[in-house]
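Asks: The structure that follows is given in the form of structure tokens.
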Amino acid sequence: MALPYASEALEPVISRETLGFHHGKHLAAYVNNLNGLLEGSGLENATLEEIVCKAQGGILNNAGQILNHELYFGQFGAPKADNQPVGLLAEAIVRDFGSFEAFKEEFQKKGATLFGSGWVWLSADKDGKLVITQEANAANPVQKGLKPLLTFDVWEHAYYLDYQNRRPDHLAALWQIVDWKVVGERF
Ligand code: MN
């Protein structure tokens, strides 16, 4: 996927340098790996969602990381002060977490306490109820029958150049660049 914004558009929350490595090197490597692994696998025409629900091993890991990063890079835009969800998703967040502030606090806490590499997700279950889950490594909520809406990447490659060991500071800053219109359309 091409980035839907310029490589400096998310500064100072995510630097051009981080985006260059993260999108241009890490995601590109997962795409190259998957293309090689899919040859002769019988999954050449499957969607990424189908692959992550069916495959194992290297195919699962690389497809999972591509799906995760497409959702991740696709949900951001230029920083905004007082950036808030709107519409039906905003109402569902208040219904299921009490307030937007309470939701952010729980989401950041689950991102900060995920041990090792992985992703924190906001998803909707089959009844439209919102849930926050921690997924290790390349896992995606679609494997649990959930619809993924928003994700923060807590692999160190996502923040180490800009924040070093300060993962909680990185997570707190990401709220400024969430494009809630895109996230709301996934709901
Ligand atoms: Mn990543």
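Asks: Give me the orientation-averaged projected area of the Cα convex hull of the chain, in nm², one decimal.
Replies: Mean orientational projected area (the chain, Cα hull): 10.2 nm².
Asks: On to the next question. In whole Å, what is the distance between the alpha-carbon centres of the stretch 78-100 and the stretch 147-187?
Replies: The distance from the Cα centre of the stretch 78-100 to that of the stretch 147-187 comes to 15 Å.
Asks: Would you mind checking Lys147/Lys181; Lys25/Lys144; Lys25/Lys110; Lys25/Lys54; Lys104/Lys129 for any pair whose Cα atoms are more than 19 angstrom apart?
Replies: The pairs that break the limit, which is 19 Å between Cα atoms, are Lys25/Lys144; Lys25/Lys110; Lys25/Lys54.
Asks: Which whole-number percent gives the relative contact order of the chain, counting Cα pairs below 8 Å spaced six or more residues apart?
Replies: Worked out over the chain, it gives 26 percent.
Asks: Next up: Please state the charge dipole magnitude for the stretch 86-187, taken about the Cα centre, from unit charges on C-beta atoms (+1 on K and R, -1 on D and E), reported in debye and rounded to the nearest 20.
Replies: It comes to approximately 200 debye.
Asks: Relative contact order, percent, of the stretch 87-186 when contacts are C-alpha pairs under 8 Å separated by at least 6 residues?
Replies: Computed value for the stretch 87-186: 25 percent relative contact order.
Asks: Which cross-chain or sequence-distant (5 or more) residues have an amide H under 5 Å from the amide H of Phe152, H modelled 1.01 Å from N in plane?
Replies: Excluding prolines and chain starts, which carry no amide H, the hits are Val120.
Asks: Can you figure out the FRET efficiency of Lys129 with Glu39, using R₀ = 41 Å and their beta-carbon distance, to the nearest 0.05?
Replies: Between Lys129 and Glu39 the formula returns 0.55.
Asks: I've got another one for you. Rounded to two decimals, what ratio of Rg to Rh does the stretch 141-183 give with C-alpha atoms and a Kirkwood Rh?
Replies: Taking Rh as the inverse mean 1/r over Cα pairs, Rg/Rh reads 1.05.
Asks: Would you kindly state how much longer the chain becomes between Ala102 and Ala136 on full extension, computed as 0.36 nm times their sequence separation minus their alpha carbon distance, in nm to one decimal?
Replies: That works out to 9.9 nm of additional length.
Asks: Express in % the proportion of alpha carbon pairs of the stretch 87-186 at distances exceeding 18 Å.
Replies: That fraction is 46 percent.
Laboratory data are not the source of any read-out in this text; all were calculated from the coordinates shown. All figures in this text were calculated on a predicted structure; none of them were measured in a lab. Using ideal geometry, Cβ is built from the backbone for each residue, glycine included, and neighbour counts are taken over all protein chains shown.
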